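> Please find one structure pasted underneath; my questions will follow.
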Amino acid sequence: MVSTPPPSEQKPAAVRSAFAGWAAAQATPRNLLLLGALLVIAVTWALGGFRSSALAAADLPRGAVGTEASASPLVATLEQGRIVDSDDELGLPDVDGSHYVLVPAMLTTTDPRPMAGLTLTRAFSSDLAGRTRFGAPAGDTDYEAGPEILQAEDAVPVSGLQPDLPQSAVLVWEQSDQAAAPAEVAVTVHGYTWRSSILSDGAAYWDRTPRVQILVPLVGARTGATS
Amino acid sequence: MSAPQTPPRSRALSAVAAGLALAALGLGSWVNSAVPSVRDSVADPFVRTGAIGQSVALRTARVEVLGVDGASVVVTPSGAASHSDSGVWVVVTVRIEGDREPVSLSGVSIESADGRVYAQSRSDVPAACGEAQPHVPWVCPIAVEMPVEAIPGAHVVIPVNGSVRGDAVAEVDLGIDAATAQSWRERSMPLEVPASAPEEAPL
């Protein structure tokens, strides 16, 4: 004796059967490929694949003063800095209306090729306000130019780093007296990728990317002058 | 009315075609990455090798490495001393003579035995020279800072007018061994680097 399902179960079964039929009809190779592509895009998005690779300053790994910070190909060890009005050994004159923020650093490139001075300079940025000659025009806080980098030994500007040859240097920012010279400065070290570009001949350092941020304590903090 | 059904044979052919297309794309991508591009090939330099004291003919000039020396401190043409913190200044003296047009030396580098490249790193130490008029040879000291351990087996790469892309360059073995490199590091007297000048002029 065959029992028939009650009427309340007959309707869902019919719906399931109709859906299965519709799904089977849609399972053409073209639709399956489209579905696969959509899945790949969705999974890539879910895993963060479409987010910018550059981290916000707040998300950057923190380095410490006196320890090596790696921002490939650059390795930098920053030391406690100081704020001065002038420095005879570094050839920094006393300029009305501004002072200097000096951060000693040991710099090395681990790439098998030299790093040019301009590339090296752009590997450093800071959160100092009121940067003037070396860093930015006064008041332009968005400007991201790096510091002047001088040889610690004889104050000659560093015009490049040689592979695996540590260079003792001093990072110099000039800051307006109008801005407060803080007790610490956040220095961000940027890395690069050596690659060719469709826009230029040959390979070069591209893709400047913030890699690590170091809070450098400064001796000689002062409040900003009121104008 | 139901939609026309795709015959199983046709479906199989479509799948095979799609598979072949994907395989072709993969193969093309692999070949593209494995074979140098035309752009890379065009950019490759034409290397002419030589030895110290031997003239090497390039496209527009002849160059000759006259000698090589080194020290941890050099005195630049301005009279200032330049120290190498942890390395050695390698000073290569190059003679250049243009054939048909003015030529200069720039972009000179020294390549270590393991392929690391060293070039000018300080603006106050000479690493370029010229412009030399045709058949007026110049003698140019080129100073490059290197780690001691990178010096043995190194060779100098000399382009003319700074271009190594698609042009002739000279590669000259400097013939330096580890003991010589170490002796340069320990040298107490600074090495004087003269200014570049035409060969006839006193250096």
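The values are calculated or read from the model by the stated rules, or taken from the named source; none is laboratory data. Computed from a prediction, not measured in an experiment: that's the story for all the values here. Every residue, glycine as well, gets a Cβ built from its backbone with ideal geometry; the counts of neighbours run over all protein chains shown. Please note that ligands, DNA and RNA were not included when accessible areas were found on the heavy atoms of the full protein model with its side chains. Shrake-Rupley method; radii C 1.70, N 1.55, O 1.52, S 1.80 Å.
> Could you please find all residues in segment A:113-162 being open to solvent by 40 Å² or more (accessible area, probe 1.4 Å) and at pLDDT 90 or above?
A:R113, A:A116, A:R122, A:E148, A:A152
> Among the numbered criteria (1) touching a Pro at 6+ places or on another chain (Cβ under 7 Å); (2) assigned to a loop (DSSP other than H, G, I, E, B); (3) touching a residue at least 40 places away in the same chain (Cβ under 8 Å); (4) not basic (K, R), which one does B:V74 miss?
(2)
> Of a type in the set (K, R) and under 30 Å from B:G115 (Cβ atoms): does that describe A:R113?
yes
> Look through A:T193, A:T209 and report the one residue that is loosely packed, with under 15 Cβ neighbours inside 10 Å and either outside any strand (DSSP E or B) or not basic (K, R) (or both). Spell out the reasoning first.
Details: A:T209 fails: loosely packed, with under 15 Cβ neighbours inside 10 Å.
Being loosely packed, with under 15 Cβ neighbours inside 10 Å and either outside any strand (DSSP E or B) or not basic (K, R) (or both) holds for just one of A:T193, A:T209, which is A:T193.
> What tally of residues in segment B:90-142 results from selecting those that are in contact (Cβ under 8 Å) with a residue 12 or more places away in the chain, open to solvent by 10 Å² or more (accessible area, probe 1.4 Å), over 17 Å from the mean Cα position of the chain (by Cα) and within 14 Å of chain A (Cβ to nearest Cβ)?
Adding up the residues that qualify gives 1.
> Residue by residue through segment B:43-52, note down the ones that are open to solvent by 60 Å² or more (accessible area, probe 1.4 Å) and either over 22 Å from B:E111 (Cα atoms) or away from every other protein chain (no Cβ under 14 Å) (or both).
Selection gives B:F46, B:V47, B:R48, B:T49, B:I52.
> Which of the residues spanning segment B:119-174 are more than 19 Å from B:V47 (Cβ to Cβ) and among the charged types (D, E, K, R)?
Of everything in segment B:119-174, those that are more than 19 Å from B:V47 (Cβ to Cβ) and among the charged types (D, E, K, R) turn out to be B:R122, B:D124, B:E131, B:E145, B:E149.
> Just a yes or no: is a residue in segment A:78-88 assigned to a loop (DSSP other than H, G, I, E, B) and either touching a residue at least 24 places away in the same chain (Cβ under 8 Å) or closer than 23 Å to B:M146 by Cα (or both)?
Initially, segment A:78-88 is screened for residues assigned to a loop (DSSP other than H, G, I, E, B), giving A:79-80, A:85-86, A:88.
Pick out the ones that are also either touching a residue at least 24 places away in the same chain (Cβ under 8 Å) or closer than 23 Å to B:M146 by Cα (or both) and you get A:79-80.
Looking for residues that are assigned to a loop (DSSP other than H, G, I, E, B) and either touching a residue at least 24 places away in the same chain (Cβ under 8 Å) or closer than 23 Å to B:M146 by Cα (or both), one finds at least one in segment A:78-88, hence yes.
> Also, I was wondering about something else. With the condition kept exactly as written, say whether any residue in segment B:189-196 is within 14 Å of another protein chain (Cβ to nearest Cβ) and within 25 Å of A:L161 (Cβ to Cβ). Show your work before the answer.
In the first step, residues of segment B:189-196 are kept if they are within 14 Å of another protein chain (Cβ to nearest Cβ); the result is B:190.
Subset that is within 25 Å of A:L161 (Cβ to Cβ): B:190.
Yes: one or more hits.
> Given segment B:101-187, what strands (runs of 3 or more DSSP E) lie entirely inside it while holding 3 or more residues that are farther than 29 Å from A:T110 by Cβ? So that I can check it myself, show each step before the final result.
Working: elements: B:103-105, B:109-111, B:129-132, B:138-147, B:155-159, B:168-173.
Per the criteria, B:129-132, B:138-147.
> Does segment A:165-188 contain at least one residue that is of a type outside the set (A, V, I, L, M), surrounded by 17 or more Cβ atoms within 10 Å (Cβ to Cβ), under 15 Å from A:T77 (Cβ atoms) and within 11 Å of another protein chain (Cβ to nearest Cβ)?
Yes: one or more hits.
> Sticking with this one: Is segment B:82-94 home to any residue that is of a type in the set (D, E, K, R) and at pLDDT 95 or above?
The first filter runs over segment B:82-94 and keeps only residues of a type in the set (D, E, K, R), leaving B:85.
Cutting the leftovers down to at pLDDT 95 or above gives us none.
Checked segment B:82-94: no residue is of a type in the set (D, E, K, R) and at pLDDT 95 or above.
> Continuing with the same structure: Given the conditions (1) open to solvent by 30 Å² or more (accessible area, probe 1.4 Å); (2) outside any strand (DSSP E or B), which single one is not true for B:D69?
Result: B:D69 passes all but (2).
> Can I ask one more? Out of the residues in segment A:150-196 that are under 20 Å from the mean Cα position of the chain (by Cα) and of a type in the set (S, T, Y), state the one that is nearest to A:S125 (Cα to Cα).
Among those residues, the one meeting the criterion is A:T188.
> Another question about this same structure. What are the pairs, 6+ residues apart or on separate chains, where a residue within segment A:150-177 that is farther than 22 Å from A:A221 by Cα has its Cβ under 6 Å from a residue that is of a type in the set (F, W, Y) and open to solvent by less than 30 Å² (accessible area, probe 1.4 Å)?
Correct list of pairs: A:Q162/B:Y118.
> Okay, next question. With the condition kept exactly as written, say whether any residue in segment A:205-215 is out of contact with any Pro (no Cβ under 9 Å at 6 or more places or on another chain), at pLDDT 95 or above and of a type outside the set (F, W, Y).
Here is the first cut: in segment A:205-215, the ones out of contact with any Pro (no Cβ under 9 Å at 6 or more places or on another chain) are A:206-210, A:214-215.
So of that shortlist, the ones also at pLDDT 95 or above come out as A:214-215.
With the extra rule that they be of a type outside the set (F, W, Y), the set shrinks to A:214-215.
Yes, because at least one residue in segment A:205-215 is out of contact with any Pro (no Cβ under 9 Å at 6 or more places or on another chain), at pLDDT 95 or above and of a type outside the set (F, W, Y).
> Related question: Considering every residue within segment B:25-43, establish whether at least one is touching a residue at least 60 places away in the same chain (Cβ under 8 Å) and in contact with a Leu (Cβ under 8 Å, 6 or more places away or on another chain). Talk me through it step by step, then tell me what you get.
Applying the first criterion (touching a residue at least 60 places away in the same chain (Cβ under 8 Å)) to segment B:25-43 yields B:42-43.
Restricting the remaining residues to those that are in contact with a Leu (Cβ under 8 Å, 6 or more places away or on another chain) gives none.
Taking every residue of segment B:25-43 in turn, none turns out to be touching a residue at least 60 places away in the same chain (Cβ under 8 Å) and in contact with a Leu (Cβ under 8 Å, 6 or more places away or on another chain).
To keep it simple, each residue is scored yes or no on (1) at pLDDT below 90; (2) aliphatic (A, V, I, L, M); (3) at positive phi.
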position	(1), (2), (3)
A:D164	no, no, yes
A:Q167	no, no, no
A:E174	yes, no, no
A:A180	yes, yes, no
A:A183	no, yes, no
A:V189	no, yes, no
A:W194	no, no, no
A:S197	yes, no, no
A:S200	yes, no, no
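> A further question follows. When B:S82 is evaluated against the numbered criteria (1) under 24 Å from A:W194 (Cβ atoms); (2) over 16 Å from the mean Cα position of the chain (by Cα), which criterion, by number, is the only one it fails?
(1)
> Regarding B:A181, is this residue under 14 Å from the mean Cα position of the chain (by Cα) and either surrounded by 15 or more Cβ atoms within 10 Å (Cβ to Cβ) or among the basic types (K, R) (or both)?
The answer is no for B:A181.
> Suppose we filter A:A76, A:A64, A:A23 for residues that are over 29 Å from A:L161 (Cα atoms) and either touching a helix residue (DSSP H, G or I) at 6+ places or on another chain (Cβ under 9 Å) or open to solvent by less than 80 Å² (accessible area, probe 1.4 Å) (or both); which single one remains?
Numbers: A:A76 fails: over 29 Å from A:L161 (Cα atoms); A:A64 fails: over 29 Å from A:L161 (Cα atoms).
Just a single option satisfies the conditions, and that option is A:A23.
> From the list B:S14, B:S41, B:S82, which residue is over 30 Å from A:L33 (Cβ atoms) and assigned to a helix (DSSP H, G or I)? Spell out how you get there, then give the answer.
Working: B:S14 fails: over 30 Å from A:L33 (Cβ atoms); B:S82 fails: assigned to a helix (DSSP H, G or I).
One residue alone meets the criteria, B:S41.
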